[in-house]
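Encoded as structure tokens, the structure appears first; notes follow it.
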Amino acid sequence: MIDSQDTSDSQDVIELDYRPTRADILTGVLARERLRPLFGAAAALLAVAAVRTSAVPAVLAAFCAVLIWSTPRLQAHHALRTVDWQGEYHSSVSGAGLTAETAHVSLRQRWSVFRGYRETRDHFVLFSRDPNVLLVEVLPLRGLRSPEEAERLRALLDRRLPRL
């Protein structure tokens, strides 16, 4: 069911064609982690522990810092292995929501799935409403057909979702 807002921009469809990369997925994971304060709190606690003169807390702090830094990269690596075999993605964004298609799968997501979005230099990252932000949709700007499409996509996202 499409709500009354959907009719105003339902004719405005922005299409993207791209193959997901590790950088795309890492951008989504890092943007998601900025919404979840767990890693920031852990890093602050480690910094306090490292101030002590004993070598054990310093080694533990260094180990944890490497772990915190590597976790999003490992997540991106595993997520890419999950989607890479599907090949090229064709996504369309409209007033009704987002549709992503590959040779193997088709997924339609309405705007009600998302809580908001964040823009990075090379991507638009959309975040799900669930408390753990498990779903992240990454739209790479390189997939747009022209640079002017980025402005249209930004305007459509601004009408549908808050910036986070």
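The values are calculated or read from the model by the stated rules, or taken from the named source; none is laboratory data. These numbers come from a predicted model, not from an experiment. Please note: Cβ atoms are built from the backbone with ideal geometry, for glycine as well, and neighbour counts cover all protein chains shown. Heavy atoms of the whole protein, side chains included, go into the accessibility calculation; ligands, DNA and RNA do not. Shrake-Rupley method; radii C 1.70, N 1.55, O 1.52, S 1.80 Å.
All other residues whose Cβ lies under 9 angstrom from that of Asp122 are scored, Lys and Arg at +1 and Asp and Glu at -1, for a net of +1. Largest accessible area first, the listed residues Val59, Val13 line up as Val59, Val13 when surface is computed with a 1.4 Å probe on the assembled protein chains. Taking every Cα-Cα distance in segment 107-164 and sorting them into 5 Å bins from zero, the calculated P(r) comes out as 4, 19, 30, 26, 16, 5, 1 percent.
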